[in-house]
Structure formats: structure tokens, C-alpha cells
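To start, the structure under review is shown below, and the notes come after it.
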């Protein structure tokens, strides 16, 4: 299993945004050092909580500060862009990072973004799908393309710079509420990113991807499936809950409900929202052992997936948030990556033979003492 982080990212609108963006970059550097496989960064233009307007620019900076971690757009809101320009930017970023880019696409995370641009909310998915078809042609073919869509035209269009990764950077489609994302991922061969929020039936979501892939003559691979879950870890469950109690409650009611219009999945009040989300099994707020048990249960319920992503937040503040990612890397990731098997096998052998080897050690020491004493007498 691979591990990573899916960052909107969310920030308290009362904080200095420049410092918050720098903190996001510092976090990705830390994830790279801790051995995480990937980090995804979103695109948003409204609400005051999420203000990375161009994940490509942000990830270009992150790429310069990291060495190994893969960096994903999570996601470029194709509805708002000219498809040729998106393809051209992603290919450039693909080359500049020597192929460390994943290309996540979506229709747009907030209808408030679309409203500012005069785009009807009911059209965003159709527009996104039309753009994606054009982008996939540009990435995979040098056949000149003439096409048009709402607000854009192409005439004999060809990308002069071909992708560094072939046939193109790995494609991904986030999915939260509607079946659109899971179905589109199956149809075009993209990796679905299932955002687990509330009582989502992930097994049913995966079935949508498999069915769409089958209709398109493809085979969907669970190894490509990513599941995104809110997580915060500490040394005890009580400590973890207390660290996120205020921030998690404020996020639920002041952001999710008040700004996006989605009803909170729990009754509240705000200071009890975290407890209620933990009790419902929607958030993992606890210890590394709690997360290990959750992931194993999720594997069993879903039939398996390839990557576990934490749904990034700062409900606990920067220091505790970084400690949570550290605990996950130290104690959770190894359980699912086979990193501990040799250590445990070696320890089992040593444990079984410890008594006998100690007896040999004692006998050896006694023999050495006897030899030393005899030689002294001979001298």
C-alpha cells in the first residue's frame, strides 16, 4: 500500500495566508523526508479557506524543495480553463519535475467558483468531460485537432512539447458525492480518488468505476484506487480528540455548512462534532493502532485499494499536525508495506534461541576464565 496526503489545503481565514502557504510547502518537504509516496494539492477560488488558485505553480515550487515524493494536482478544475493551456502547463511541469507529476482533474470543487465566472452549476461536469477528451487527445497524439467548447476554440492544435511520462502523467479524478467522478475514472482509465466523508459506501463507489471501465473495454485496477480519509494521530485517543476538538468543529460548521451549503453530517454542537464523527467511523482521530485497525477494516469492506491518503487539515495546529504525520509514517505505513516482516522474523528467531544461546554464552565465559586461570598458573 502507498500513502500520501490530499491537501485542499484548508486554512483558518483569520491567519496570515502567506505564512499558511509556506507551511503547506514545509509539510510537503516533511512528507518527502518521512517517506510518503505522494501529495495532492487542489485548486479553489472562493470561500476564504482554500486559496491555491493554481496547483501547477504551487507544485513547481514544491518540486524544487523535494526529492522523491510524487506531486499531484488534486484537482485542476477543467471547467474554468482552456484545455490546450492546461495540457501545455502539465507537460511543462512533467518535464521540470522529471516525471514526478500526477494529473488530477475535476469539474470544480465549489459552485461559488463557477458562479463568479458565470458558469451554471448544472453544466460544470459536462464542460469538464469535454475538456478532458480534448486534453487526452493532445497528450497522446500529434494529429492536429480542431474543436470548440464553451469559451474556447482550437484550430489544428498540437502540443509541441510531448509528455515526459508516457503516454502522459498518471490521470486521476476525485469523487465526493455524485457517481460522476467514479464513472469517468473508469471510462477514461484514470485513478479514482474517493473522498470518504460521512457514511460513503466505498464498495458501491468502486463498483461504478468497474462497470464504467468494463463498458469502455478497460479493466479497472484496485491498485490505482486512492481512498482519502480525515486523520489525526497522537499518543492517546483522548489527546488526539482534544487537539482537534475546536478546529474540527469550526471546520464542520463554519466552513462545510456555512460556506459550501452542505448540511453537517452530525447534529453538533460544534464542540462535540469531532466526537460524533469519530463515533460514526467517518474520521480517524486517535492513535496509530486505531488507524491500523481502521485501514484493515476498510480493506475488508471495500475489497482492497492501492493508496491511503490523509485528508489534510490543520485542526490541531502546525506542530501537532506534523507530529500526526510523523506517527503515521513511523508506526502505520510499515504495517502495510512489509517493512516490519524481516525485523519480526529476525526477532522471533532470536527469541526462540535466546535461552540456548545464553547457556552457550555462559559456558564460553566459564571456559575462557578457566583457560585464563590455567595459563596464569603455568607462568
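Odds and ends about this structure:
- For the stretch 260-280, the set of residues classified as closer than 27 Å to residue 331 by Cα, surrounded by fewer than 18 Cβ atoms within 10 Å (Cβ to Cβ) and in contact with a helix residue (DSSP H, G or I) (Cβ under 8 Å, 6 or more places away or on another chain) consists of 275 only.
- Qualifying residue in the stretch 118-126 (condition: assigned by TED's automatic domain parsing to the domain that holds residue 55 and closer than 15 Å to residue 160 by Cβ): no
- Taking the listed residues 212, 185, 240, the one that is in a helix (DSSP H, G or I), buried (at least 16 other Cβ atoms within 10 Å of the Cβ), assigned by TED's automatic domain parsing to the domain that holds residue 332 and over 21 Å from the mean Cα position of the chain (by Cα) is 212, with no other qualifying.
- Scanning the stretch 112-134 turns up at least one residue that is assigned to a loop (DSSP other than H, G, I, E, B) and in contact (Cβ under 8 Å) with a residue 24 or more places away in the chain.
- Residue count for the stretch 283-336, restricted to those that are assigned to a loop (DSSP other than H, G, I, E, B) and crowded, with 18+ Cβ neighbours inside 10 Å: 8
- Residues being at pLDDT 95 or above and assigned to a loop (DSSP other than H, G, I, E, B) - total across the stretch 188-209: 2
- The stretch 160-189 residues that are under 17 Å from residue 42 (Cα atoms), paired with ones that are in a loop (DSSP other than H, G, I, E, B) (beta carbon under 8 Å, 6 or more apart): 169/99; 169/163; 171/189; 171/190; 172/190; 173/190; 176/197
- Subset tally (residues that are touching a residue at least 40 places away in the same chain (Cβ under 8 Å) and under 17 Å from residue 102 (Cβ atoms)) for the stretch 13-54: 9
The values are calculated or read from the model by the stated rules, or taken from the named source; none is laboratory data. Bear in mind the structure is a predicted one, so any value in this text is a computation, not a measurement. As a convention, Cβ positions derive from the backbone with ideal geometry for all residues, glycine included, and neighbour counts pool all protein chains shown.
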